[in-house]
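Everything below concerns the one structure shown next.
The values are calculated or read from the model by the stated rules, or taken from the named source; none is laboratory data. All figures in this text were calculated on a predicted structure; none of them were measured in a lab. Don't worry about glycine lacking a Cβ; one is built from the backbone with ideal geometry, like all the others, and counts go over all protein chains shown. Note: areas computed on protein heavy atoms with side chains; ligands, DNA, RNA excluded. Shrake-Rupley method; radii C 1.70, N 1.55, O 1.52, S 1.80 Å.
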Amino acid sequence: MAQEVRGVIAPGKDEPVRIETIVVPDPGPGEAVVRVQACGVCHTDLHYKQGGISDDFPFLLGHEAAGVVESVGAGVTDVAPGDFVILNWRAVCGKCRACLRGRPWYCFDTHNAEQKMTLAATGQELSPALGIGAFAEKTLVAAGQCTKVDPAVAPQVAGLLGCGVMAGIGAALNTGQVGRGDTVAVIGCGGVGDAAIAGSYLAGAAKVIAVDIDDRKLETARTMGATHTVNSRETDPVEAIRELTGGFGADVVIEAVGRPETYRQAFYARDLAGTVVLVGVPTPEMKLELPLLDVFGRGGALKSSWYGDCLPSRDFPMLIDLHLQGRLDLGKFVTETIRLDEVETAFARMHSGDVLRSVVVL
Ligand code: APR
Ligand code: ZN
Ligand code: ZN
């Protein structure tokens, strides 16, 4: 039987979000219905609301979520009712060239649930944000979007791995391959940069240099594991990073802003043969000009990181275990827990600079 639950809808471009009754169908083949327990408020939800991602209104917002599987459809064997899971953006095929080469984050054939959730009042189909739609008491997803983790973790902490925190930690661990003794610089210390700092600390980096234009962000960065901080409004970050690394530059520089000037800083702040990881998302019109001779002469690797290059089934349980063991404090990323009807005000607070993550707890 389809069920009616409450969910946060973005009805149209730039219109305030509102709570509506939505209809969640029974899971079809390969699908699961999840009782959402927590869902973080991410910039991407705001971009959906502003019409910056697609015109497919109305959206069911929320995509950084954890909860308990309520029911599964035919053929689902990897998860079962009662499992505590973290949701990810899309199920991968496991068969395409990208999947077979161990890079499922570039899978050519990803999918979400086939059936649609609808607005109870009008029957209109909903577009779930990033194929999830978890600012709702229950949501319908592809079973492959669910990853089982240890249920001892608080749901508001677990959900964070579904997006921004995984992107940052993965940029350090998976894309940057930060190793013990490395020097790392992270440019931009929002939620993603802070997670990259936490990931670098976890990997045993000898120095983790945090760069931002806001001193408050640098203070938080220290609590995440930054050993040094640079305010790039006051100090040239390239010079500062070189100075802090014996004149060489950092082994790995992670750019978590998404702008040409910060990418340029990252490029020149790395050691010869070092790695630059771009995790900040640029806009389509942004361009970067670099002397090709510098690209050639400095060697190393220029990488970008997509969803932290994560394998959910490998990385989610591992990071939750590390958190439960006290070796990685994911709880630091949760600034506040809020109710479903406070999402709009959480959007407003997001830009104040005081909030890393507001997390809806259901
Ligand atoms: N130099 C250094 N830091 C900067 C600069 C700059 N020129 N401009 C902005 N910042 C800092 C901000 O002060 C802030 O602390 O970058 C940080 C950006 O943080 P958020 O806006 O909270 O963004 P976040 O969620 O961390 O995401 C960062 O990664 O995944 C992507 O789409 C995401 O592009 C975004 C980026
Ligand atoms: Zn694939
Ligand atoms: Zn997100």
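In the range 102-115, the residues that are in the same structural domain as G30 (by TED's automatic domain parsing) reach residues that are within 16 Å of ligand 3 (Cβ to nearest atom) and part of a loop (DSSP other than H, G, I, E, B) with C-beta atoms within less than 6 angstrom, at least six apart or across chains, in these pairs: W105/W306; T110/R90; N112/R90. Of all residues assigned to the range 330-337, at least one qualifies as being within 22 Å of V157 (Cα to Cα) and out of contact with any helix residue (DSSP H, G or I) (no Cβ under 7 Å at 6 or more places or on another chain).
Total residues in the range 93-136 satisfying the condition of being touching a helix residue (DSSP H, G or I) at 6+ places or on another chain (Cβ under 7 Å) and away from ligand 3 (no atom under 16 Å from the Cβ): the figure is 6. Do we have V281 as outside the structural domain of N88 (by TED's automatic domain parsing) and open to solvent by 40 Å² or more (accessible area, probe 1.4 Å) here? Yes; evaluated as a whole, the condition is true for this residue.
Could you name every one of the helices (runs of 4 or more DSSP H) located completely within the range 189-308 that has at least 2 residues being in contact with a helix residue (DSSP H, G or I) (Cβ under 7 Å, 6 or more places away or on another chain) and either within 16 Å of ligand 3 (Cβ to nearest atom) or not polar (S, T, N, Q) (or both)? Counting at least 2 such residues, we get 191-202, 215-224, 237-244, 260-269. Restricting the range 123-169 to residues that are open to solvent by 20 Å² or more (accessible area, probe 1.4 Å) and farther than 26 Å from P29 by Cα, the residue that is farthest from ligand 1 (Cβ to nearest atom) is A152. Counting just the residues of the range 173-193 that are under 14 Å from T227 (Cβ atoms) and either open to solvent by less than 20 Å² (accessible area, probe 1.4 Å) or assigned by TED's automatic domain parsing to the domain that holds C146 (or both), which one comes out farthest from ligand 1 (Cβ to nearest atom)? So the residue we want is V178.
Would you say Q50 is in contact with a helix residue (DSSP H, G or I) (Cβ under 6 Å, 6 or more places away or on another chain), open to solvent by 10 Å² or more (accessible area, probe 1.4 Å) and away from ligand 2 (no atom under 16 Å from the Cβ)? Answer is no for this residue. Quick one: in the range 220-255, which of the residues that are within 11 Å of ligand 1 (Cβ to nearest atom) and open to solvent by 20 Å² or more (accessible area, probe 1.4 Å) is modelled with the lowest pLDDT? Ranking the candidates gives T220 first.
Restricting the range 210-219 to residues that are among the charged types (D, E, K, R) and surrounded by fewer than 19 Cβ atoms within 10 Å (Cβ to Cβ), the residue that is farthest from the chain's Cα centre (by Cα) is D215. Scanning the range 344-362 for residues that are among the polar types (S, T, N, Q) and either part of a strand (DSSP E or B) or under 18 Å from the mean Cα position of the chain (by Cα) (or both) gives a single hit, S358. Can we say A32 is touching a Cys at 6+ places or on another chain (Cβ under 6 Å), assigned by TED's automatic domain parsing to the domain that holds L140, small (G, A, S) and surrounded by 17 or more Cβ atoms within 10 Å (Cβ to Cβ)? When the stated conditions are applied, A32 passes them. Of the residues examined, V68 is one that is open to solvent by 20 Å² or more (accessible area, probe 1.4 Å), more than 16 Å from ligand 3 (Cβ to nearest atom) and part of a strand (DSSP E or B). With respect to the conditions (1) at pLDDT 95 or above; (2) in contact with a Phe, Trp or Tyr (Cβ under 9 Å, 6 or more places away or on another chain); (3) among the acidic types (D, E), D309 falls short on a single one, namely (1). For D56, the test of being at pLDDT 95 or above, open to solvent by less than 30 Å² (accessible area, probe 1.4 Å) and among the charged types (D, E, K, R) is failed.
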